[in-house]
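The values are calculated or read from the model by the stated rules, or taken from the named source; none is laboratory data. A quick note: this is a predicted structure, and the numbers were derived from the prediction, not measured. All Cβ positions, glycine included, derive from the backbone under ideal geometry; neighbour counts span all protein chains shown.
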Amino acid sequence: MLRLNQVVKHFAQPDGDVTVLSGASFHLPAGRSAALLGESGSGKSTLLHLVAGLDTPDAGELVIDGHSSLSMSAGDWNRLRRDRLSLIFQQYHLVPTLTVLDNLQLQARLSQRLDPAFRDHLIDRLGLADLTRRLPHQLSGGQQQRVAIARALLHRPALVLADEPTGNLDEATSERVMGVLVELVRETGSSLLMVTHSAHMASFLDEQWRLQHGQLHQQHDQYNGEPAL
Amino acid sequence: MTGTLTRLLRVLITLLSHHRRHPLQTLFLLTGLVTGVALWSAVQVINAHARASYAEADQVLGAQASHWVRSGSGEGVSVDDYVNLRRQGWRSVFPILEQRLTTADQSVINLIATDLLALPDEEAGTATGLPAGGWMQLVTPPHEAWYPETLAQQLGLEDGDRLTLNSGKALPPARVFSREQQGLRVFMDIGAALTLLDRSHLSYLVVAELPGDAAARLSRDLAALNPDLRLVANQQRLDLTELTQSLHTQLAAMSLLSFAVGLFIVFNAVRFSLSARRHTLTTLRELGVSQRLLLGAIALETLVMSIIGTLGGLGLGYGLSQLLLPSVAATLQNLYGAVLDYTLLVQPVTVLQAWLLTSAGLVLALAWPLWRQAQRSLQDQRDEPSQWQQDQRARRRLALGSLVLALLALGLYFQLNSIAMGFTVLALILFAGAGLLPWTVALILRGLQRALPASAWRLNWACGEGLAQLGTLRTALMALLLALTANFGVDSLVDSFRTSLSDWLQQRLAADLFVQSDTLDIDALLANPGDWLVESHRRNGLTVRWENRPTQIRGLNTDTSDTRALPLAAETDRSSAWFDGDPDVVLANEQARYLAGIELGETVQIPVGQQTVAFEVVGFYHDYGNPAYQFYLPYQRVAELWPNAGEQGLGLWLNDHDDALARAEAALVAAGARPGDWTRREDVLAISLRVFDRTFAMTAAINALTFTVAGIALLASLLAIHQQRLPSYAHWRSMGVSNREWLLIAGLPLGIGLLVTWLLSIPLGTLLAGLLIYDLNVLSFGWTMPLIWQFEPARSLFWLTLLVAGFTFAISAVQARLKLPQALKHLGEDAA
């Protein structure tokens, strides 16, 4: 589903270039989920943005759902994001003047992949049934993030990219949101790559990877030395 | 004390750091201030200049004269003719020589010279400011040239210096006076000036007073002495300050509207910056800065901004005033015969007023919101409702405020009795309309959202986006509404006036030829005219003083076709008596009705010599553009009561033969008229309408500038919106929204907002035009006309708005597009 081959990324800073990725490689098979851990400023979000085509690598190749970054135009990236990817952020990014229902249908409508039965299923699974006619400011943070998750999954993307999706939520709400996100991703057969700084949130996913000094290293279970499941 | 000052400066520097970090916001804040102040101050400078010109005009030689003697050919009055007139006993006549001269260093000066010995004592006193005999050095060799202090400073002259002209000749020794009796002109003895300039002709003669039938006798004497000489009534003798008051009030009101539109840009810039500055203010308070210290720093920031805004605005305003002055001068000349010179000075009081106005605007738009923000408790700030909820509340408050303003306007309207009150009502209506606009747009957007079918989800999204944008867009839309309403209202007024004037002229100028001649023997012409003449209308008249204003008495032939067709604005059932030649009834112009307050059926006392004669008012007629009161009486009645009444022109109807005009012209010449004394009907009409268009050129210029300021407000808003919405746009892009979809969703709300604004401006503009025509015009000028509503100005404004909006949207869209990659990289970061 997702492959990174020797990806390099620098940032120009006043005191010289900073290398955030120095030939990072990574493979995420279809249907698997992985957490991306690392210190603040280690380049986790940059990597996620590269995968989503929101930023471009200085060297190396990304292959997403069979499409190579080396041969993709801006239009191709746009179509890929619309039809095959979805992004979930800490800030939810709901349109404040659209109802919950309109918000969660937004990307599915853009990609013309709105399945009403699956929509109702998601609404039910995410506990949004009583909230569909409300506006975002009438919801709690956890409810808003659940709407963002429903929006991200409704068009059945091949790959879900999540950047600290529970960063704005308290611990109990974070666990509930995380649980339902992982369950639904598995249910839809999508892959999930999630940036987080929380080892606990990372433990919900199949794999944990750490970005350190521009390289990706898979984390192993701290008790038996095997890669965590 | 020093510690407090240091802390205050530190807090001020922290507050001002916002401007360094957000130069675009600061640029728009200052742009709003500067353009608003510029338009206001431009009009103030012109108004102050006009008032100074009127005051100066009163002091210039001959300004108070009743008549002038001028040459028809333009070559001036010969010294011999002047001497002959004096010898014939015309002691109230004195000579004037005026000439523009170029000095050796290419400066241009105006010279005025007279014969002080020929002047009546009071005129000599006005001219020199000295008691009789105090000016002997002026009239005796080597003579003197008197300079007002300002001019002497400009030319670098001191007492005793001799100014050299580019001809090589030198003016007599200078004497500098602190009083500026003759404006910025050099004053000399006429004998010395004629010799120095090698001239044999005077510019014109001034006639101090002409009692009784003296004007008619002087005309006859002039014709006998030299047929080229004419006696011209002094139009400037009108009380210019009083007559032009309403025009200056109107200009001031229009400039205040421009200032208000400029303030909307300031509001917009401040509102946009408020969320960023809120954090600074909170942090400062958390760090222990007292509210008093914060208030002091905010006041200082406001002071700094007001000084920059005032200086920038005055600088730009001065430039604008020079551009507008020719239009204003044309208006004053056309309406009132007042002459303005084209040299402008910014007076200290204008600078002070500009600063006070700017400060007041800034306190309202900048200091007050900042102070309110600083006053809120930290808990309040944490519990703050979302931006969207705040916008919604602001819209509701604005709509409620509008309702209050509208009710106030209604209440004031029923007590309307002054121009200032009229403009207050207009301002209340305009701002009520503007305040209602965001609520109306929101209502329409929400209505559309409800009405749209599920399949139109993109449109639904665009409407939602419109509601999100409205918080920032609203000030620009309100500013645009003010500009559109003012433009549509004033355009409707001008169109109505032009149509009414044109119809009125068509009726009033029914004859084929109009003759105005000092030398024509009308009796001889009409005694045996030949078959080229179908009908003639001879008028006589004079100006008297009635109700403290110049009042024209006009004698008309009541049998002619144009008089018979005279439409009356109001009449009693006795009006037919006037047409039957009843000597005791009179028709009055609307100015006498509305400004002097006379009513139908009332008896007016008109001065005749030392007596007054009573007339019953049986009708009122339209008399557009006349600043004076006027009464129509039968020709014979005027001739009986005022034997010295002069001929006021002759209208001639020609038959339809091809040679009628040529034969008429030949007959006129044979009866003593000179070429140029008659004008054809089409030419009079064309000249009148040209004068009209020149008169309203200035109104159009101010409106166009107000529209430009509104355009800047729109650009500022759109840039702010796209800056604010950039994280959302980046997220849309992350969902795969295409450029076309983005254009639709981000651009459609602007289109809907503009459409609603334009639609609302039509009824508001019509209301404005109605108030201007039916109330303010009557209060200001004393005449009425019907409001002629046309769609054309609205259509033009629609296309203009579309053009401005398209242009500003394109700029802001390009700006957003350029910033999008950066915003995409920051997706996921905390928006704060």
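Quick notes
- Selected residue [within 11 Å of another protein chain (Cβ to nearest Cβ), more than 17 Å from the chain's Cα centre (by Cα), more than 26 Å from A:Gly38 (Cβ to Cβ) and not in a helix (DSSP H, G or I)] from A:Leu114, A:Leu101, A:Leu94: A:Leu114
- Every residue from region B:149-164 that is within 37 Å of the chain's Cα centre (by Cα) and at positive phi: B:Gly156
- Applying a threshold of 9 Å to beta carbon distances and a minimum spacing of six or more residues, or different chains, the list of pairs starting in region B:293-314 at a residue that is in contact (Cβ under 8 Å) with a residue 40 or more places away in the chain and closer than 11 Å to B:Thr358 by Cα and ending at one that is surrounded by fewer than 24 Cβ atoms within 10 Å (Cβ to Cβ) and among the charged types (D, E, K, R) is empty.
- Residue pairs meeting the criteria (Cβ under 7 Å; at least 6 apart or on separate chains; first in the same structural domain as B:Leu600 (by TED's automatic domain parsing), in region B:549-578; second modelled with pLDDT of 90 or more and basic (Lys, Arg)): B:Gly555/B:Arg637
- Summed over region A:2-37, the residues that are surrounded by fewer than 19 Cβ atoms within 10 Å (Cβ to Cβ) and either hydrophobic (A, V, I, L, M, F, W, C) or at pLDDT 85 or above (or both) give a count of 17.
- Residue check for B:Ser402: surrounded by fewer than 23 Cβ atoms within 10 Å (Cβ to Cβ), within 14 Å of chain A (Cβ to nearest Cβ) and free of Cβ contacts under 8 Å to residues at least 60 places away in the same chain: no
- Test for A:Gln112: is it touching a helix residue (DSSP H, G or I) at 6+ places or on another chain (Cβ under 9 Å), without any contact (Cβ under 8 Å) to a residue 24 or more places away in the chain and surrounded by fewer than 18 Cβ atoms within 10 Å (Cβ to Cβ): yes
- If only residues of region A:52-67 that are under 19 Å from the mean Cα position of the chain (by Cα) and not in a loop (DSSP other than H, G, I, E, B) are counted, the one that is farthest from A:Ala162 (Cα to Cα) is A:His67.
- Being within 14 Å of another protein chain (Cβ to nearest Cβ), in contact with a helix residue (DSSP H, G or I) (Cβ under 8 Å, 6 or more places away or on another chain) and either surrounded by fewer than 22 Cβ atoms within 10 Å (Cβ to Cβ) or part of a loop (DSSP other than H, G, I, E, B) (or both) is a description that does not apply to A:Arg82.
- Any hit, region B:740-748, residues being among the small types (Gly, Ala, Ser), within 14 Å of chain A (Cβ to nearest Cβ) and not in a helix (DSSP H, G or I): no
- Out of B:Ala374, B:Ala432, B:Ala442, one residue alone is modelled with pLDDT of 85 or more, more than 20 Å from B:Ala260 (Cβ to Cβ) and crowded, with 17+ Cβ neighbours inside 10 Å. It is B:Ala442.
Okay, residues lined up against (1) touching a residue at least 12 places away in the same chain (Cβ under 8 Å); (2) surrounded by 20 or more Cβ atoms within 10 Å (Cβ to Cβ); (3) hydroxyl-bearing (Ser, Thr, Tyr); (4) touching a Cys at 6+ places or on another chain (Cβ under 9 Å):
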residue	(1), (2), (3), (4)
B:Gly646	yes, no, no, no
B:Arg674	yes, no, no, no
B:Arg680	yes, no, no, no
B:Ala710	yes, yes, no, no
B:Leu718	yes, yes, no, no
B:Val737	no, yes, no, no
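- The set of residues from region B:438-469 being within 9 Å of chain A (Cβ to nearest Cβ) and in contact (Cβ under 8 Å) with a residue 24 or more places away in the chain comprises B:Leu445, B:Arg458, B:Trp461, B:Cys463, B:Glu465, B:Gly466, B:Leu467, B:Ala468.
- Residue in region B:380-396 that is more than 14 Å from chain A (Cβ to nearest Cβ) and modelled with pLDDT of 80 or more present: yes
- Restricting region A:126-152 to residues that are without any contact (Cβ under 8 Å) to a residue 60 or more places away in the chain, of a type outside the set (S, T, N, Q) and part of a helix (DSSP H, G or I), the residue that is nearest to the other protein chains (Cβ to nearest Cβ) is A:His137.
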